[in-house]
Amino acid sequence: MALNRVVITGYGALTPLGNNAEAFWQGLVDGVSGASEISHFDASKFKTRFACELKDFDPLDYFDKKEVRKLDPFILYSLIAADEAVKHSRIVPDKLNRERCGVIWGSGVGGLNTLISEINDFSTGDGTPRFSPFFITKIIVDVVPGMVAIKYGFEGTNYSTVAACASSAEAIINAYRNIKYGFQDLIIAGGSEAAISIAGIGGFNGMHALSTRNDDYKTASRPYDKDRDGFVMGEGAGALVIESLEHALKRKATIYAEITGVGSTCDAYHVTAPHPEGIGAYKAMVRALDDAEVKPSDIDYINTHGTSTPIGDSSEIKAIGNLFKDSDKLLVSSTKSMHGHLLGAAGAVEAVASVMTIQKGFIPPTINHFTDDPDIVATGVNILYDKACKRTSDYVMSNAFGFGGHNTSIIFKRFNNK
């Protein structure tokens, strides 16, 4: 059985650094911090009072009031990113075999804002259960792929992936496998999250997972720094148009990168903490390398999971150090230092950053580095700090991990038709 080559022909992003992919990329190479004081609710009594919110974003610029009322923000974000990716890919749905076009979408918590709002309304009422008729469709994750499919008339595979902060990376991995093995010709894959809310901030505060650097929030997301104290929550969405090479060439699409390998594993260690030696992360990267049929020395850059948590950062860098110890060209960085941690949307947004790294010829930095962590330094991994680096990357790896011990790794390659 001949396997299909799998390529990227479009991308879209809605992030705290910009409301489209190009603005997002500019923020990355400029080293901009997306952190700001929380405006979505009164956070004055919370341990963490800042996050990476979308900037200058008004849903009414994209949707009418009726649609905004019916849809949770995580759904609105997804439709915007998917639409940018589709337009970027120059898809003409009427010219496609819609039965062989699908949508796979990931989110970690779905319509959390709606859930809390409806329950609050009920608890402060007279006890009569008066829930919105849109309540259920505003909170469940798989409404997103359904709505995207309806918009473009895609009748193929359609479902959601939920793997905590690896959710949208798993969506991309599933899309890759569907196309590689010939089940579909084209899939829109991505993820979205809108968890900057009372429950989102309060819940992660309760776990001691968030940074509480309220007096210096612009530099609070500091992956690999000795004084890192937790992640900074972000929001938004990322989307890719993924299709077989044959299908892309037939419709004369522009090809931005190729997916050549993926890997997924589970630590089977702890529900929230990664294995301290990064064993699961190591195995996920090995699987991706084996699938791509490349050596560790072939990888030019890794966009790490790098959340700015003490254990998580150390675990991942140990895994990278062990696997890539003989590589003298590898650079790594965490773009979460700028856009924050988008939870279930992180993998998709960082996949967009990885594809654009190949396209633009720059490697984005890790910002907010002040003090070396001796344990990180000891791994020998070359972390790019402070400023973007102009450099051609032929192979880029993107990692995403999640609670439950989920580990994913995706390898993107500069496209050449050979």
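The values are calculated or read from the model by the stated rules, or taken from the named source; none is laboratory data. It should be emphasised that the depicted structure is a prediction, and the values quoted were computed from it without experimental measurement. All Cβ positions, glycine included, derive from the backbone under ideal geometry; neighbour counts span all protein chains shown. We work out accessible area using only protein heavy atoms, side chains counted, and drop any ligands, DNA or RNA first. Shrake-Rupley method; radii C 1.70, N 1.55, O 1.52, S 1.80 Å.
Things to note:
- Total residues in segment 287-322, condition crowded, with 21+ Cβ neighbours inside 10 Å and over 15 Å from D225 (Cα atoms): 9
- Residues of segment 137-176 classified as within 25 Å of K70 (Cα to Cα), of a type in the set (F, W, Y) and not in a loop (DSSP other than H, G, I, E, B), total: 2
- Pick from segment 1-36, criterion more than 17 Å from the chain's Cα centre (by Cα) and within 23 Å of Y176 (Cβ to Cβ), ranking: surrounded by the most Cβ atoms within 10 Å (Cβ to Cβ): V7
- The residues listed here are G34, G12; of these, the one that is assigned to a loop (DSSP other than H, G, I, E, B), closer than 11 Å to G236 by Cβ and touching a residue at least 12 places away in the same chain (Cβ under 8 Å) is G34.
- Of all residues in segment 113-136, those satisfying the criterion of being part of a helix (DSSP H, G or I), hydroxyl-bearing (S, T, Y) and surrounded by 13 or more Cβ atoms within 10 Å (Cβ to Cβ) are T114, S117.
- Qualifying residue in segment 246-253 (condition: open to solvent by less than 30 Å² (accessible area, probe 1.4 Å), touching a residue at least 12 places away in the same chain (Cβ under 8 Å) and either part of a strand (DSSP E or B) or closer than 27 Å to M338 by Cβ (or both)): no
- Output for segment 37-62, where each listed residue is within 15 Å of A23 (Cβ to Cβ), open to solvent by 30 Å² or more (accessible area, probe 1.4 Å), touching a residue at least 12 places away in the same chain (Cβ under 8 Å) and not in a loop (DSSP other than H, G, I, E, B): none
- Candidates S315, S354, filtered to the one that is more than 20 Å from I80 (Cβ to Cβ), touching a Pro at 6+ places or on another chain (Cβ under 8 Å) and among the hydroxyl-bearing types (S, T, Y): S315
- Within segment 403-418, restricting attention to residues that are in contact with a helix residue (DSSP H, G or I) (Cβ under 7 Å, 6 or more places away or on another chain) and open to solvent by less than 40 Å² (accessible area, probe 1.4 Å), the residue that is modelled with the lowest pLDDT is G405.
- Only residues that are among the small types (G, A, S) and touching a Phe, Trp or Tyr at 6+ places or on another chain (Cβ under 7 Å) were counted in segment 157-188, giving 4.
- Among (1) more than 23 Å from I116 (Cα to Cα); (2) surrounded by fewer than 21 Cβ atoms within 10 Å (Cβ to Cβ); (3) within 20 Å of the chain's Cα centre (by Cα), the one test that A169 misses: (2)
- Residue check, T212 assigned to a loop (DSSP other than H, G, I, E, B), in contact with an Asp or Glu (Cβ under 8 Å, 6 or more places away or on another chain), polar (S, T, N, Q) and modelled with pLDDT of 95 or more: yes
- Hey, N368 more than 15 Å from the chain's Cα centre (by Cα), farther than 18 Å from G263 by Cα, of a type in the set (S, T, N, Q) and open to solvent by 60 Å² or more (accessible area, probe 1.4 Å) or not: no
- Only one of G238, G203 that is modelled with pLDDT of 95 or more and either assigned to a helix (DSSP H, G or I) or farther than 25 Å from H339 by Cα (or both): G203
- T260 falls short on exactly one of the conditions (1) surrounded by fewer than 24 Cβ atoms within 10 Å (Cβ to Cβ); (2) within 30 Å of T212 (Cα to Cα); (3) among the β-branched types (V, I, T), and that condition is (2).
- Against the conditions (1) out of contact with any strand residue (DSSP E or B) (no Cβ under 6 Å at 6 or more places or on another chain); (2) crowded, with 20+ Cβ neighbours inside 10 Å, G380 satisfies every one except (2).
- Residue count for segment 63-93 satisfying the condition of being under 16 Å from G111 (Cα atoms) and exposed (fewer than 14 other Cβ atoms within 10 Å of the Cβ): 1.
- Residues in segment 181-192 that are touching a strand residue (DSSP E or B) at 6+ places or on another chain (Cβ under 7 Å) and either farther than 22 Å from Y152 by Cα or of a type in the set (S, T, N, Q) (or both): Q184, S192.
- Filter result for the condition that a residue is modelled with pLDDT of 95 or more and touching a Cys at 6+ places or on another chain (Cβ under 7 Å), over G108, G18, G27, G102: G108
- For P374, the conditions (1) open to solvent by less than 70 Å² (accessible area, probe 1.4 Å); (2) out of contact with any strand residue (DSSP E or B) (no Cβ under 6 Å at 6 or more places or on another chain); (3) at pLDDT 95 or above all hold with the exception of (1).
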